[in-house]
Amino acid sequence: MVPREQPTSYYGRPIVKPPVWKPEIPYYFFFGGLAGASAVMASAATFAGRPQLARRAWAGAFVGVTVSPVLLIKDLGKPSRFLNMLRVFKVTSPMNLGAWLLAANGGATSLAAGLNLLDKRRRGGLPELGAAALGAPLATYTAALVTHTAIPAWSEARVEMPFVFAASATASATGAALLTVPAAEAEPARHLGIAAALAEEAATAVMHKRLGPLAESYEQGKAGHFGKAARALTVAGALALVASDDALHRPKRRSSFFAQRARKDERRRRALTVAGGTLLLAGSVCKRWSIFKAGFQSAEDPAQVIQTQRP
Amino acid sequence: MGGHVVEFETKPRVGFFTDTSVCIGCKACEVACKEWNHVPSDNQGFSGNSYDNSGELGANRWRHVAFIEQKLPVGVEGGAPDSFVQEAARQSLVEEGLEPHADEDGFRWLMSSDVCKHCTEAGCLDACPTGSIFRTEFGTVVVQEDICNGCGYCVVSCPFGVLDQRQDDGRVWKCTLCYDRLKGDMEPACAHACPTKSIQFGELDELRERAAERIEVLHRRGHGDARLYGDSPEDGVGGFGAFFLLMDEPETYRLPPDPVVPTRHAGTVWKAAAAAALTMAAGIGASFLGGRR
Amino acid sequence: MGTSFGRGGATTFQQDLQNSDCIVIMGSNMAECHPVGFQWVVEARERGAKVIHVDPRFTRTSALADLHVPLRAGSDIAFLGGIVNYILTNEREFREYVQAYTNARTIVSDDFRDTEDLDGIFSGLDPESGKYERESWQYKGMEAGAAAGERDKGEAEGEQAHGAHGGELEHGEPPEEDETLQDPRCVFQLLKRHYSRYTPEMVERICGVPKETFLEVAEALCENSGRERTSAFCYAVGWTQHTVGVQYIRTAAIVQLLLGNIGRPGGGIMALRGHASIQGSTDIPTLFNILPGYLPMPHAHEETSLDLYVGRNVPPTGFWGNGKAYMVSLLKAWWGEAAQFENDFCFDYLPRIDSDHSHYRTVADMQDNKLEGYFVMGENPAVGSANGKLQRLALAKLKWLVVRDFAEIETASFWKDGPEIETGELRTEEIGTEVFLMPAAAHTEKDGSFTNTQRLLQWHHKAVEPEGDCRSELWFMYHLGRRVREKLAGSTAERDRPILDLTWDYPTVGPSEEPDAEAVLAEIGGFDAERAPLVDYLPLKDDGSTTCGCWIYAGCYKGGENQPARRKPGSEQNWVADEWAWAWPMNRRILYNRASADPEGKPWSERKKYIWWDAEEEEWTGEDVPDFTPDKAPDYVPPEGATAQEALRGDEPFIMQGDGRAWLYAPNGIVDGPFPTHYEPRESPFPNPLYAQRSNPVRDEYNRPENPYNPSDGEPGADAYPFVVTTYRLTEHHTAGGMSRTLPFLAELQPEFFCEVGPELAAERGLEHGGWATIVTTRTAIEARVLVTERMQPLRVDGRTVHQVGLPYHWGGKGISTGDSANDLFPFALDPNVHIQEVKAATCDIRPGRRPLGAELPAFVAEHLRQAGGGR
Ligand SMILES: Nc1nc2c(c(=O)[nH]1)N[C@H]1C(S)=C(S)[C@@H](COP(=O)(O)OP(=O)(O)OC[C@H]3O[C@@H](n4cnc5c(=O)[nH]c(N)nc54)[C@H](O)[C@@H]3O)O[C@H]1N2
Ligand SMILES: Nc1nc2c(c(=O)[nH]1)N[C@H]1C(S)=C(S)[C@@H](COP(=O)(O)OP(=O)(O)OC[C@H]3O[C@@H](n4cnc5c(=O)[nH]c(N)nc54)[C@H](O)[C@@H]3O)O[C@H]1N2
Ligand code: SF4
Ligand code: SF4
Ligand code: SF4
Ligand code: SF4
Ligand code: SF4
Ligand SMILES: [Mo]
């Protein structure tokens, strides 16, 4: 009989099935995160009286909640199949809860966004609170969606994954806002973006540490490429934002000569901000792809199933 | 639909005891299942994996017979033809040459018919967002194709990789434990076709007793390797409705050694998600404190 | 079987295997080819029986066996002979049984010379005819008697692989015997001497089976035989498809008789038949040399008549003594009123045979333009028969060919897409054969009966109407006959009488005018003088008052009831279940079951009781229908001048044999020797270590350009074919594939033609697992995917390592799963008794990679031989 040093398998065939999900799904993760985090940020900005930032964030949130269901439906095939999920309410099914969450949040966000676009001087109220309350979970439930499965590299990351998602979502939300917000108004978003980027890197590091050998699903193959890209983009994005921080751009003495320089500097700074935002968005997309692909790679390797079940 | 389960007058739970020690690998079960359930054919060509050319359970294969030659054929695990592994294997043969095996040296050909386990705690059922997967009055787990929306969530929620999506219609398919036959008081097609009673159908409690006796006998006859798999309600899925007697480690048969239904981790999963959500909200909020200048 | 015991059928039934203490499956892959029957082997194993599988390959049967013994294909007689020798030298035989129930004590003619004397041949070999004259084989004092009737046995007699000639018909009580079995000329002593050199060492040398393993098998058999225990043999075509096939089975018969395992529960020889009704196709034969019930086909003699036929073929004693009654009843069934005492009951209407007209001879004749037309019904010879190329070339010589099948099989399409079209050896536009492909109705679409492997007639009812133009064989034959008769109507020509006088009046049913199958069954079952259905064959008369279409089936329509249609569940009757369907003869399940009791009629042991003599009731009773005259007491001694069964004593169980005993030694009924002898296959990489004579001296050969033989050991070019090749079946497919390669659910389970080779051979030849290999003989070369598996292992034979190549033979060019046909590799080389092709053992070469295409293929094959210095 074949001695069993390392776990054997049946002709190397996978034990659990890889997902049947199409490319819409990682984008769904991304836009869900964008919507959720944007909603939170938007209402925060509204209450903090930063209408400029708020309006742009609400726009981001609105885009997120409109695109998400479209992507989901595209993955399912037809709209009726999305509605099928709303015929029952099932606490054991993240997919089902997610559907409800998406629907509810969609409503709240649209309302709040609408109100804010109409009334530029709005200081926030229940709609904002609602959108924020539903936005945060919308950004993290997608993590539950992947960890609540039989796929080792996902399931074993059940504790850290939501934090990675949250951070990535926040980064994307700030990124989106920073594209259009005037430099002067951008400050909190900029700081938030930098913080989110750092948080994402930290959470990811902890996650990989806990996963141990399973982490290879994230570090190798396509998932690995996306992962590296995500890190590069996110870090670069963060640096760009640092470079464009207020602290480095205090206008000096008031004089025509300096005013001219200030204007040039202002333009450079604007460019840096936009670049930072774009990099964060791109980083977030890559991150979701990396996690998505890792699930496939993990499922296709029977050894991972066996390792996790034979400690 | 999920909601309807309660309306059934529930019957004693039924299932399978698949005793691989008497399986002759005739594949009658695999064919009978396809015939009865009109499962489409899928021809995967010559695999070289012993006599198994149909791979594994999936949307178009609800019973699958595995073949394991211990002292495996050269290169079967060696990946691509001409792979380094094969070359090495061949070389070592040329140099040492292999001793023709004596029967005692443990050369054996294991055969085993795999099927959906009809778990007590079924990952697929818990995961299904539409309630398309439900538990029947017989305690079996069945997909209702008219409701399934092809979300594929059950696929990644089954610890055994049983379910899969059918390419053409995007819905998922698996063993129904011949729900239609059960309702007509007929035994499932696969069990009916099995010539050696390797597939035994019946009431679960009774099957478990039978299995316990059987394992006794095999151990007495010195088959130390023989073990029951999935018979215990204590395991990670609360016991299988269709359990097995195996002659080797589960993974040898493409079965997870210690499967756990994802739902068992739901607590952690949701706590973590909530914590992350709050942290995010707090973080964002914080960054706006200090308000406007 | 027929020769040894009297009837050409399995001596037992599969359910009885559960009672065995040891089962030897040899020459069969029972689990794969008889999966449903195999459940009884599994049952026996669960009850503690030892299951042994002797097979060149480790198969799905081996996987369930306690012991798998790999041996070289074509060496079984050496192995079994070794067991005979082991039994005799260690005196492990069941003495009382052997003395009482076999011909061990009979003294053989002084003229008889054994292979030990003549270095591998028996006395009587006629150099020019290449056949044995059997006078010298006869029992002492009977040589003359035996000669009579020999003439009718000219060409092809003896056992049919799938059924049998009804044992020896020529003689009465053996005149000279030695109860003590000491006389050097008695069968027992001759047997001892014949096998004296089949030692464990010799077995190892010939079969490649380690001495220890062989002894384990021999011991297992001896331990599990005797009064208290019984062992069974299961075989199928792994034994029959050899140039000495019949003798393989004879050897097993000898082993089982010495061990006293025939006619007893858990004993016997389970001949596993093939097609659902292949047993039926020999009982009511599709063979050229026998009539229904194994009555010999009349030969074309100078002067012939019913009485001459009877004189030549019917022995005075044993149940065959009623041969005339069986024959006359058959003639009455066929020609009814026309058959009268005055006209010899139309005996002259029967066709006569002059020589061999078996399948392969017919194909050779076809190739020689001796045939115009050919009916192929339920056969696919272009794939299923040896030397596929010659098969197809011959079909191309016909004027017309009728193929009745479900799909366009290779036999029907050879003219447009056969391999020879690709190689250019045939050109469509030059083929004159007109092919009629006619759709057949499947068994689910028609009523009828199967006679299965254990002589059980089981009725199948039509489940659905045949689609479109699909029709049953019965319909086809009946209406063909009807139309011919209409055409001939009114003819006064003498030659048309046989057709016009036939009883051709079956009622038809339904729009398609399907003849009523039960009416045919009734005719076969027979009627007595009052036209009441027969109860059994005992009432059959030779005065024309009774009719019976097949005497051994007499009673299958007992009481006007369709006996084969009986379906009383096993749960509602004893384990023998004799109310399920109906078995010939007389619904007996274990044959010769009188032997389950000792000469006094008492069971040999409580554990193995089956049939015994009930002194009070004065009758035989037990689990089964006694295979004996019900009220003949154990101490019955025939009066002077008694005939037929009356002439047999009360302690002679083999009631079909002239002497009522089973034959260790066969003076008749077999053409290649009274004792089985190890001969190498026609093509072998080895000499015969036992004798100068390598292969069966009287085997059927066809020395013609389309049928070259591979040079064997020692002949120039032998090195070009160093490996042994054998062919076999897979559970997933059926025979020539017309019924499985066409079905998606089966095709996907074994999607491609492959060869099985061991890792050592793969290493030696550089064969790649999962890649392609080309297998070469002098006939042609074919390609197959490579399955390298430890289930194939090299053997040490005669001091050399020999590799074996395994080929499933199911593939051909049509259907969903297509591939080269293994049979294209094999020659016409046949068993002389039954003309079965040797496809279980030949020689070949194997090379990595795919074969050449088109005209390059024949060139490659010729070149291969030339390189090794062979060929012209
Ligand atoms: N699934 C399936 N079942 C079938 C059939 C089928 O095609 N498919 N065909 C039916 C028919 S027609 C028949 S006749 C039967 C045949 O039934 P089997 O005779 O059991 O079938 P085979 O596979 O031809 O041969 C049996 C074994 O003989 C072995 N063998 C080859 N040469 C030798 C030898 O020299 N000595 C010994 N001891 N063994 C040898 C082969 O390795 C093979 O494993 O099966 C019947 N059942
Ligand atoms: N190399 C090699 N050659 C062998 C053997 C081997 O072991 N090795 N085995 C030999 C043996 S044992 C056998 S039996 C032969 C089998 O060889 P064949 O008999 O030539 O091949 P089959 O495929 O059995 O042919 C039966 C055909 O009948 C058709 N059929 C089925 N039912 C009906 C019906 O009711 N009516 C009509 N008209 N047609 C029907 C099927 O579709 C099928 O095409 O092969 C022999 N040849
Ligand atoms: S085995 Fe998989 S598919 Fe079957 S019931 Fe369990 S979880 Fe569901
Ligand atoms: S694919 Fe169908 S069955 Fe599976 S979870 Fe989604 S809806 Fe339920
Ligand atoms: S129970 Fe029915 S559906 Fe399930 S495998 Fe058996 S035959 Fe197929
Ligand atoms: S039918 Fe029974 S014996 Fe045949 S493969 Fe399936 S489980 Fe095994
Ligand atoms: S195919 Fe028919 S004859 Fe052959 S094993 Fe199955 S049931 Fe028996
Ligand atoms: Mo056969």
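The values are calculated or read from the model by the stated rules, or taken from the named source; none is laboratory data. Since the structure is predicted, the reported quantities are computational estimates derived from the model, not experimental observations. All Cβ positions, glycine included, derive from the backbone under ideal geometry; neighbour counts span all protein chains shown. In case anyone asks, the SASA skips ligands and DNA or RNA and just uses the protein heavy atoms, side chains included. Shrake-Rupley method; radii C 1.70, N 1.55, O 1.52, S 1.80 Å.
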Buried accessible surface, B vs A, both sides, probe 1.4 Å, in Å² to 100, equals 6000
Scoring chain C by relative contact order with C-alpha pairs under 8 Å, at least six apart, yields a percentage of 17
Expressed to two decimals, chain C has a Cα Rg over Rh, using the Kirkwood radius, of 0.95
Calc'd 3J(HN,Hα), the range C:450-461, phi into Karplus 6.51 cos²θ - 1.76 cosθ + 1.60 (θ = phi - 60°), Hz, glycine/Pro = x, comes to 9, 9, 8, 4, 10, 6, 8, 7, 10, 7, 10, 9
So residue C:308 and residue C:535, fully extended at 0.36 nm per residue minus their Cα-Cα distance, gain in nm 78.7 nm
Using alpha carbon centers only, the range C:251-275 is separated from the range B:223-293 by a whole-angstrom value of 59
Here the Cα Rg-to-2.2 N^0.38 Å ratio for chain A is 1.11
Debye calc, one equal point scatterer per Cα of the range A:133-277, no solvent, log10 I(q)/I(0) at q = 0.15, 0.18, 0.19, 0.22 1/Å comes to -0.79, -1.00, -1.08, -1.28
Rounded to the nearest 0.05, FRET efficiency between residue C:357 and residue C:855 (Cβ-Cβ, R0 35 Å) equals 0.50
Checked the range A:22-68 with the C-alpha gyration tensor, a ≥ b ≥ c its square-rooted eigenvalues, rounded below a/c of 1.5, otherwise prolate if a/b is larger than b/c and oblate if not; verdict prolate
Note to self: Kirkwood Rh of the range C:694-754, Cα pairs, one decimal, Å, is 15.3
In whole µm²/s, the translational diffusion coefficient that Stokes-Einstein assigns to the range C:612-726, given a Kirkwood hydrodynamic radius over C-alpha pairs, 20 °C and 1.002 mPa s, equals 113
Contour minus Cα-Cα span, residue A:265 to residue A:310, at 0.36 nm per residue, comes to 10.2 nm
Helix A:221-243 sits off the longest principal axis of the Cα atoms of chain A, rounded to the nearest 10 on a 0 to 90 degree scale, by 20
Expressed as a whole number, the average count of other chain Cβ atoms within 10 Å around the Cβ atoms of A:156-167 is 5
Relative contact order of the range C:1-64 (C-alpha contacts under 8 Å, at least 6 apart) in percent is 35
Whole-number value, in Å³ per residue, for the convex hull of the alpha carbons of the range C:213-358 is 161
Chain A accessible area per residue, 1.4 Å probe, protein heavy atoms, integer Å², reads 40
Semi-axes (Å, rounded, descending) of the ellipsoid equivalent to the range C:479-623 per its C-alpha gyration tensor are 41, 19, 12
Once amide hydrogens are built 1.01 Å from N within the peptide plane, the residues lying 5 or more places from residue C:797 or on another chain with amide H under 5 Å from its amide H are C:802
The equivalent-ellipsoid semi-axes of the protein assembly as shown, taken as the square roots of five times the Cα gyration tensor eigenvalues and listed largest first in whole Å, are 78, 33, 31
Share of Cα-Cα pairs in the range A:1-159 beyond 25 Å, whole percent, is 40
With +1 at each Lys and Arg Cβ and -1 at each Asp and Glu Cβ, the charge dipole magnitude of the protein assembly as shown around its Cα centre, to the nearest 20 debye, comes out at 12880
Once both label points are put 7 Å beyond Cα along the C-beta direction, the residue C:482-residue C:212 separation in nm becomes 7.0
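Rounded, prolate or oblate: which fits the range A:124-213, taking a ≥ b ≥ c as square roots of the Cα gyration tensor eigenvalues, rounded meaning a/c under 1.5, else prolate when a/b beats b/c?
Oblate, since a/c reaches 1.5 and b/c is not below a/b.
For the range C:580-628, what relative contact order do you get, as a whole percent, if you take Cα pairs closer than 8 Å and at least 6 residues apart?
Contact order relative to length: 36 percent.
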Ranking C:852, C:787, C:808 by how far each Cα lies towards the positive end of the charge dipole of the range C:748-872 (+1 on Lys and Arg Cβ, -1 on Asp and Glu Cβ), the top one is C:852
Label model pair residue C:635, residue B:210: point-to-point distance (7 angstrom along the Cα→beta-carbon line) in nm is 5.3
Expected sort for C:190-202, C:269-281, A:263-275 on mean C-beta neighbours within 10 Å, highest first, is C:269-281, C:190-202, A:263-275
Result row for chain C, helices from DSSP H with C-alpha axial extent 20 Å or more and mean Kyte hydropathy at least 1.0, is C:245-258
Checked the range C:455-534 with the C-alpha gyration tensor, a ≥ b ≥ c its square-rooted eigenvalues, rounded below a/c of 1.5, otherwise prolate if a/b is larger than b/c and oblate if not; verdict oblate
Protection proxy (average C-beta count within 10 Å per residue), highest first, orders B:140-147, C:238-245, C:798-805 as C:238-245, B:140-147, C:798-805
Expected vector for the range C:747-760, Karplus 3J(HN,Hα) from phi with 6.51, -1.76, 1.60 and θ = phi - 60°, integer Hz, x for Gly and Pro, equals 4, 6, 7, 9, x, 9, 5, 9, 10, 9, 9, x, x, 5
Contact-by-burial set, the range B:166-212, min loss 50 Å², accessible area of protein heavy atoms with 1.4 Å probe, reference chain alone, gives B:195
quick shape note, the range C:293-394: Cα extents on principal axes in Å, largest first -> 49, 30, 29
In whole percent, the fraction of accessible protein surface over the range B:130-177 that belongs to carbon or sulfur atoms, probe radius 1.4 Å, stands at 49
About its Cα centre, the range C:355-428 carries a charge dipole, from +1 on Lys and Arg Cβ atoms and -1 on Asp and Glu Cβ atoms, whose size in debye to the nearest 20 is 180
From the Cα centre of the range A:280-302 to that of the range C:300-356, the distance in Å is 87
Scaled by the rule-of-thumb 2.2 N^0.38 Å, the alpha carbon Rg for the range C:741-872 gives a ratio of 1.11
Here, residue C:201 and residue C:36, labelled 7 Å along Cα→Cβ, have an inter-label distance in nm of 5.0
When the charge dipole of chain C is computed with +1 at the Cβ of Lys and Arg and -1 at the Cβ of Asp and Glu, the Cα pointing farthest to the positive end, of C:770, C:746, C:835, is that of C:770
Sequence order, the range C:762-779: Karplus ³J(HN,Hα) from phi using 6.51 cos²θ - 1.76 cosθ + 1.60, θ = phi - 60°, Hz rounded, Gly and Pro as x, gives 4, 5, 4, 9, x, 7, 9, 4, x, x, 10, 9, 10, 9, 10, 10, 6, 6
Low-density loop trypsin sites (Lys or Arg not before Pro), the range C:422-489, at most 12 other Cβ within 10 Å, DSSP non-H/G/I/E/B, are C:427
For residue B:200, other-chain or 5+-apart residues with amide H closer than 5 Å (H placed, Pro excluded) are B:17, B:18, B:19
Per-residue average of other protein chain Cβ atoms inside 10 Å, peptide C:30-37 -> 4
Cα-only Rg/Rh for the range B:224-293 with Kirkwood Rh rounds to 1.43
Expected sort for A:117-125, C:90-98 on mean C-beta neighbours within 10 Å, highest first, is C:90-98, A:117-125
On protein heavy atoms with a 1.4 Å probe, the accessible surface that disappears when C meets B, both sides summed and given to 100 Å², is 4100
Partner shielding of B:22-35, as the mean number of partner chain Cβ atoms within 10 Å, equals 5
Reduced to Cα centres, the span from the range C:681-742 to the range C:794-870 in Å works out to 8
Carbon and sulfur atoms account, in whole percent of the 1.4 Å probe accessible area of the range A:105-148, for 70
In deg cm²/dmol, rounded to the nearest 500, the helical mean residue ellipticity at 222 nm of the protein assembly as shown, built from -39500 (n - 2.57) for every DSSP H run of length 4 or more, is -11000 deg cm²/dmol
Amide H proximity to residue C:695 below 5 Å, modelled H, separation 5+ or other chain, gives C:680
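Taking all protein chains as present, what is the carbon and sulfur share of the accessible area of the range C:319-388, in % to the nearest whole number, probe 1.4 Å?
Result for the range C:319-388: 50 percent of the exposed heavy-atom area is carbon or sulfur.
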